[in-house]
Amino acid sequence: MKEIISAHSGRIKAIIKKLTGSYNEDIEQEVYIKTWRNLDRYHEEGKFVQWISALAANVCRDYLKSKQHQADLRKSQDETILDRVAVGGKQEERFDAKERQKIILKAVDTLPKKMRQVIILYEFEEMSYEEIARKTGDPVGTVKSRLFNARKLLGEALKPLKGE
């Protein structure tokens, strides 16, 4: 397990930061616990880095849906509002980026399951069409179609971010 942690900790931390907006040690620990518990379920047909990355992304999504996250949001909401009002420049840009990330993730979560799966594998896991097709068992054309339709739905859902 030490080898797994040392080999993948940077990637896991980056995924956590990207999906939740900040690094959270508890989430990282949960990823390693779930990795350890599910190691026997990993099959050599895919790359281990993709498997552990998907697991990390799922743990992040579970956290974002959790009551703990909601409590953390309520606790920090007053501080965030004060920071946003009182401080300009880089602090405000970071806040805006985090808010944009949250809005995008919520929009991704509203996609139909098969579209959500393809967009996550392509955009977050950086898998090719062929890799996604092998993983899902669908033809490459179906993967491309789902990705196109998912992007189209996300474009509509995210119009407010574009200022439209």
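Observations on the structure shown:
- Residue list for segment 37-58, filter: modelled with pLDDT of 70 or more, farther than 22 Å from ASP109 by Cα, surrounded by 12 or more Cβ atoms within 10 Å (Cβ to Cβ) and not aliphatic (A, V, I, L, M): ASN38, LYS47, PHE48
- Taken together, LYS102, LYS90 contain a single residue that is at pLDDT below 85 and open to solvent by 100 Å² or more (accessible area, probe 1.4 Å), which is LYS90.
- No other residue among ARG61, ARG116, ARG84 is outside any loop (DSSP other than H, G, I, E, B), closer than 17 Å to ASN24 by Cβ and either open to solvent by 40 Å² or more (accessible area, probe 1.4 Å) or at pLDDT 60 or above (or both) apart from ARG61.
- Cβ-Cβ under 6 Å pairs, at least 6 apart or on other chains, segment 125-154 side touching a residue at least 60 places away in the same chain (Cβ under 8 Å), far side crowded, with 18+ Cβ neighbours inside 10 Å and of a type outside the set (A, V, I, L, M): GLU125/SER53
The values are calculated or read from the model by the stated rules, or taken from the named source; none is laboratory data. Treat the numbers as computed from the prediction; the structure is a model and nothing was measured. Neighbour counts run over all protein chains shown; Cβ positions are idealised from the backbone, glycine included. Protein only, heavy atoms only, side chains kept; ligands, DNA and RNA dropped before computing areas. Shrake-Rupley method; radii C 1.70, N 1.55, O 1.52, S 1.80 Å.
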